[in-house]
Amino acid sequence: MIYLIEQIYIALMLSSNYILIAVGFTLFFGAINIVHFSHGDVAMIGSFIGIILYTLADLSGIHRYLPPMIVNSCIVVLTLGLVGILGTFFERTVIKPFRFSPMLITLVATVALGIVIREFVRLFYPQGSNPQLFPKIFPQTAFQFGKLIFLHEHLIILGIGILLIAAMFLFINHTRIGLAIRAISQDIEAASLMGINFDIVIAITFLIGSILAGVAGILTGVYFNVVKFDIGLMAGIKGFSAAVVGGLGNFYGAILGGLLLGFAESFVSAFIPGGSPYKDVCAFTIVIFFLIFRPSGIVGEIKYKKV
Amino acid sequence: MKTHKGLLFMGMVLLSILTFFTPANLIAAEKPLVKIGFIGPLTGPNAAMGLGSRNSADLAIREANARGDLPYRFELVVLDDASDPATGVATATKLCSDTQVAAATTHFNSPVGLATIHVFHRYGVPQLFWGGIHPDITNKYNYPEVTRINPNTLVEHSRLVQFVVQNQGYKDWSIIYDTTSYGKSCLDAVKPALAKIGGRVLSEDGITVGTQDFRGILSRIKAMKPGPQAIYFGGTGTEAPLIKIQMNQLGMRDLLYAGVTGFDSETFNKTAGEEAEGTMIVGKAQIDENSHFVKAYKGAGYKEYYEATGPYAYEAVNMIIEAIKKVGPKDKALLAKTIRGLEYKGILGTTKFDEFGQTLSGGLTYKVSQGGKWVIWETSDYSTGKRKLPGK
Amino acid sequence: MNSKLSQISLLLFIETFAFLLAFSFLVAERTYSILITFVILVLSGYLVRRIHSVRQMIRTLFQQHKKIALVWSLIFLFILPILLKNNPYQIYILFYAGVFALLALGLNWQIGGTNIVNFATGASFATGAYTAALLAKHLGLSFWILLPISGLSAGILGFILGLPCMKVERYYLSLVTLAFTFIVYLLLINFDWTGGPDGIADIPFPKIGRFSFGSSIHLFGFEIPFQANFYYLTLFLVIITFIVSERFHHSKIGLAWNAIRDDEIAAECQGIDVTYYKILSFATNFFFDGIAGAVFAFNMSHISPESFTFNISVTVVAMVIVGGLGNTGGAIFGVLLMTIIPEKFQIFQDYRVLLFGFVILLMLFIRPKGLFPQPIRKYE
């Protein structure tokens, strides 16, 4: 019983990582119909920025003046902000120029961007080829019920992630800019005819998506304790898969897809003897299965090709 | 216009042909040049190891040139195998086609080595391995050109089980391994070693490199009744500390965590911090902080840390130079034979090769993680009883 | 400029010059000669493009005397190993480029033709290589039988992969091929019968009669290193694949592919069986990749899953995009560019991969259709 609860907890944490990235994918695809292959690497940058800021704070001795909780909260907020800006920067420089080119070009461009980001971190961050320890920015206490241990830091970052996703939902559904985003995802030309400056709206979409990726980055750092320059590739592919399985363009889909993938992976490695090396295979097989038999995903609308 | 274009063309033709015929040595050198090759992963996931070893090899060359008592001038030819066998074969071919290259020290990844030994053998160029532990590299073909300075997995694991099972009494094990060539070799070595000495394997789990979440597997191990007394991981510095951290987070502090030289790097302790406390390994040669190598390395100002494999690359280059000093660089077959016959005293202790070119010592030690550092068992608090290993 | 003889001699002169230039770049060793030859290459290429009269002249020359130009270049390609008899490394690089050329030619039509970005090259390449290796090891079949068999097995895999994917939209199809590459790679690592992470070793060299590809050849009194055997083999295969690709392009199939690329629905309305042609593109692409895999396996003597990762897929896609989509010659040019230049620029060692990414981005910005975009069809 304890074992089961533990496994569910593990699966949940893994799923939330995927969900945070999947939501970004779904946002971008819904809004401007592109697949941002290097979105996972943006998350990775989030982790690294967190490490850098924490180290800076440490060096500057700011701990003498402010209690750790304030310092660390500032670090989190700053990290998210910086990642958001960086993500939008990438959009402006690499994605926007290809807005009206075939999708193929954008796809390859984002793949190349991913390569550049990874190599940049590897080459220019000190000891970049090595795994980096993520600092302990949250309290290290835990809830303990017998043999079950729930670390507070996991719960905190999970909470932040849930809060931000909920905030994003509210934003998209109850504000004017959110309305603009929804309008663009339906029909970009009509939206611009209605006076929506889709350029700015797209930038805002990327800002939101990148901030969520930043949370995923911090989550990775807190939950796995270690980050490396190449974790973004796999994370991005799995996040994208989760979004597709759930239904690209549909936010509930991203959540469902993330849960499905996270749980499938965890359970394969936990309950199937000798299954752990195959857990990635399992995840990808699920993706292929969905793509072939239900490409609109679990909750996506079935789109008919208009002639 | 036409004449101009014609002249332009002629000029370019001449210029390019000229560069083709550039003489090789513009500077008249006093001492004959001898090139020593270095191949390792300078890019890719194992770049840290490759770069550290490259720097160490470079250090050895610099010191040799500075000595002044050698009749040759040495130059290190550095090539990147990117942990990819095809690239490795290309670099090996390049080195071997250069007649000025006397010998080479190579590779961190065994699959790359397994592909290139055929190239070096074909050209008869001596090849010393500073990394790559697969037994087949030396034992399968027994090419006279191939020698290996680092120990192979069979030796490492027999020593590990000797200590952990026999000496310390951890009989029941759970094994986790990564699905690379290295991890598989570890698995293939640790199982028979355990069986031979009376240990038991309760579970076996493979993980892909790049996995960060081991909680699923660990949770299952935790729930096993009866549970193991030790968890062994066959893999290297990226995943190894994560497993220990997650073990602790799941409350499995009474289980011993053990491994072999794959753990032996600063990365392990840096990453796991105080969570690493009490990890047992068979480690590589302990290089004293005050030793000449460490001081010289730091003084040379390399960007990267020398990692666990650095000293082996350093030793390899020195051994090559020693052999060249004895018989000269021209006769490669003789050079290979000389290298094999060397009994070299260096930073790894005494290095000697067996009939397959595999080193007999490799400076293996027992180490335990204490206070965030690898400490030789004999000098640690654990051996005196001041600290206790998990579960004791 | 009038007499045929002067035209032909000018043509031969230009070809020889270009060839010598490329050759000097290939064999340049010292940093400054590498940089100089590279700069001259780029400069001449740029000048030829820009100066319209020169470009026109070269174009007309080549068109009027196609056969002679081809024969001359073939002669060069043939004697190349003789010129490189002291540089086995360079011959090996050319062979390696040749293997990638086979991969790129296959992919060229799938992307340029039907606009399906296929990231499964790693998987098809692996299939060909492992088929050849396993059958050679367990059944002792000769290389020449295994060559078409590997192609076929990969082709069948392509067919199987293509079947269920017909209803899948383009974007998602790329994801499917991506996932497929990963799955194949992971399975290769974990299955014991494929040798696991250690792969398969001891693949013998191909033989013709009693002549093994591992021995050096004697041609016109010169001793040429054994890599040349593989070079000639790949040269031969590339030429055949080139001809086949061109035939495809100019046939009904090529037209159908292009129609699907331009507008799938319109193509269907025209009566083109979209499903059939899409599956055909998968199968042919995989077939070429399979053959490349067999050649690769027999050269390396030892293959492991590490050579068949997602990176290969990305690299080949990049080559095709940089060289030119839907243009056979362009694809080969892209291959040469992205194989030889990284090799020569080993001096930038640590920054190679970063530069690689940058170059792709650069190409997409300035010439998204590739250096040599698909030429407009001539309907005569």
query = Within the range B:319-337, is even one residue within 14 Å of chain A (Cβ to nearest Cβ) and of a type in the set (K, R)?
reply = no
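Can you spot a residue in the range C:192-201 that is within 14 Å of chain A (Cβ to nearest Cβ), within 21 Å of the chain's Cα centre (by Cα) and not acidic (D, E)?
no
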message = So C:A297 passes all but one of these: (1) touching a Ser or Thr at 6+ places or on another chain (Cβ under 6 Å); (2) crowded, with 24+ Cβ neighbours inside 10 Å; (3) more than 30 Å from C:E29 (Cβ to Cβ). Which condition number does it fail?
response = (1)
request  = May I ask you to list pairs of residues, at least six apart or on different chains, whose Cβ atoms are under 8 Å apart, with the first in the range B:106-120 being in the same structural domain as B:N142 (by TED's automatic domain parsing) and the second being modelled with pLDDT of 90 or more and among the basic types (K, R)?
outcome  = none
inquiry  = Go through (1) more than 20 Å from C:L188 (Cβ to Cβ); (2) at pLDDT 80 or above; (3) within 12 Å of chain B (Cβ to nearest Cβ) for A:Y278 and report which single condition fails.
reply    = (1)
message = Checking B:P226 against (1) surrounded by fewer than 23 Cβ atoms within 10 Å (Cβ to Cβ); (2) within 11 Å of chain A (Cβ to nearest Cβ): exactly one of these is not met. Which one?
response = (2)
key: So A:A270, is it among the hydrophobic types (A, V, I, L, M, F, W, C), buried (at least 22 other Cβ atoms within 10 Å of the Cβ), within 23 Å of the chain's Cα centre (by Cα) and in a helix (DSSP H, G or I)   = no
query = Which of the residues belonging to the range B:143-202 are of a type outside the set (A, V, I, L, M, F, W, C), out of contact with any helix residue (DSSP H, G or I) (no Cβ under 8 Å at 6 or more places or on another chain) and buried (at least 24 other Cβ atoms within 10 Å of the Cβ)?
reply = B:D178
ask   = of a type in the set (V, I, T), more than 30 Å from C:I116 (Cβ to Cβ) and within 11 Å of chain C (Cβ to nearest Cβ): does that describe A:V94?
value = no
Filter result for C:V322 (assigned to a helix (DSSP H, G or I) and modelled with pLDDT of 85 or more) = no
ask   = Out of (1) buried (at least 24 other Cβ atoms within 10 Å of the Cβ); (2) of a type outside the set (F, W, Y); (3) modelled with pLDDT of 85 or more; (4) touching a Leu at 6+ places or on another chain (Cβ under 8 Å), the odd one out for C:N108 is which?
value = (3)
request  = Would you confirm whether any residue within the range C:135-151 is away from every other protein chain (no Cβ under 14 Å) and among the charged types (D, E, K, R)?
outcome  = yes
task = Would you be able to tell me the number of residues in the range C:264-289 that are over 19 Å from C:T328 (Cβ atoms) and small (G, A, S)?
result = 3
inquiry  = Going by what's in this entry, would C:I224 be described as crowded, with 19+ Cβ neighbours inside 10 Å and in contact with a strand residue (DSSP E or B) (Cβ under 8 Å, 6 or more places away or on another chain)?
reply    = yes
remark   = Given (1) more than 18 Å from the chain's Cα centre (by Cα); (2) surrounded by 24 or more Cβ atoms within 10 Å (Cβ to Cβ), C:G357 misses just (2)
remark   = By residue number, the members of the range A:217-254 that are polar (S, T, N, Q) and within 11 Å of chain B (Cβ to nearest Cβ) are A:T220, A:N225
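Being under 22 Å from A:M44 (Cβ atoms) and touching a residue at least 12 places away in the same chain (Cβ under 8 Å): is that true of A:G214 here?
Criteria met by A:G214.
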ask   = Among the numbered criteria (1) within 8 Å of chain C (Cβ to nearest Cβ); (2) surrounded by 17 or more Cβ atoms within 10 Å (Cβ to Cβ); (3) touching a residue at least 24 places away in the same chain (Cβ under 8 Å), which single criterion is violated by A:M103?
value = (2)
ask   = Out of (1) modelled with pLDDT under 90; (2) small (G, A, S); (3) crowded, with 24+ Cβ neighbours inside 10 Å, the odd one out for A:G30 is which?
value = (3)
query = If you go through the range B:179-216, how many residues are more than 9 Å from chain A (Cβ to nearest Cβ) and charged (D, E, K, R)?
reply = 5
query = Any idea which of (1) outside any loop (DSSP other than H, G, I, E, B); (2) within 14 Å of chain B (Cβ to nearest Cβ) is the one A:G257 doesn't satisfy?
reply = (2)
ask   = Is it true that C:V314 is assigned to a helix (DSSP H, G or I), under 30 Å from B:L114 (Cβ atoms) and within 14 Å of chain A (Cβ to nearest Cβ)?
value = yes
remark   = The residue from A:I137, A:I172 that alone is assigned to a loop (DSSP other than H, G, I, E, B), aliphatic (A, V, I, L, M) and either within 14 Å of chain C (Cβ to nearest Cβ) or out of contact with any Leu (no Cβ under 6 Å at 6 or more places or on another chain) (or both) is A:I137
Members of the range B:340-356 that are within 15 Å of B:T138 (Cα to Cα) and either among the charged types (D, E, K, R) or modelled with pLDDT of 90 or more (or both) = B:R340, B:K352, B:D354, B:E355
key: Condition check for B:M247: surrounded by fewer than 21 Cβ atoms within 10 Å (Cβ to Cβ) and outside the structural domain of B:M319 (by TED's automatic domain parsing)   = no
message = Here's a check for you: in the range C:161-189, which residue that is within 16 Å of C:S281 (Cα to Cα) and not hydrophobic (A, V, I, L, M, F, W, C) is nearest to the other protein chains (Cβ to nearest Cβ)?
response = C:P164
key: Unique residue being modelled with pLDDT of 80 or more and not assigned by TED's automatic domain parsing to the domain that holds B:K337 when the list is B:G391, B:G372   = B:G372
inquiry  = Condition check: facing chain A (nearest Cβ under 9 Å) and among the small types (G, A, S). Does B:S219 satisfy that?
reply    = yes
query = If you check B:K326 against the conditions, is it under 19 Å from B:A258 (Cβ atoms), loosely packed, with under 15 Cβ neighbours inside 10 Å and not β-branched (V, I, T)?
reply = no
request  = Kindly indicate whether any position in the range C:135-150 is at pLDDT 80 or above, more than 30 Å from C:N86 (Cβ to Cβ) and part of a strand (DSSP E or B).
outcome  = no
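Kindly indicate whether B:K31 is over 24 Å from B:V209 (Cα atoms), of a type outside the set (A, V, I, L, M, F, W, C), outside any helix (DSSP H, G or I) and modelled with pLDDT of 90 or more.
Criteria not met by B:K31.
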task = Could you check the range B:61-175 for strands (runs of 3 or more DSSP E) lying wholly inside it with 2 or more residues that are more than 18 Å from the chain's Cα centre (by Cα) and more than 18 Å from C:P88 (Cα to Cα)?
result = B:73-80
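The values are calculated or read from the model by the stated rules, or taken from the named source; none is laboratory data. Fair warning: this is a prediction, and the values are worked out from it, not measured in the lab. Cβ: placed from backbone, ideal geometry, glycine included. Neighbour counts: every protein chain shown.
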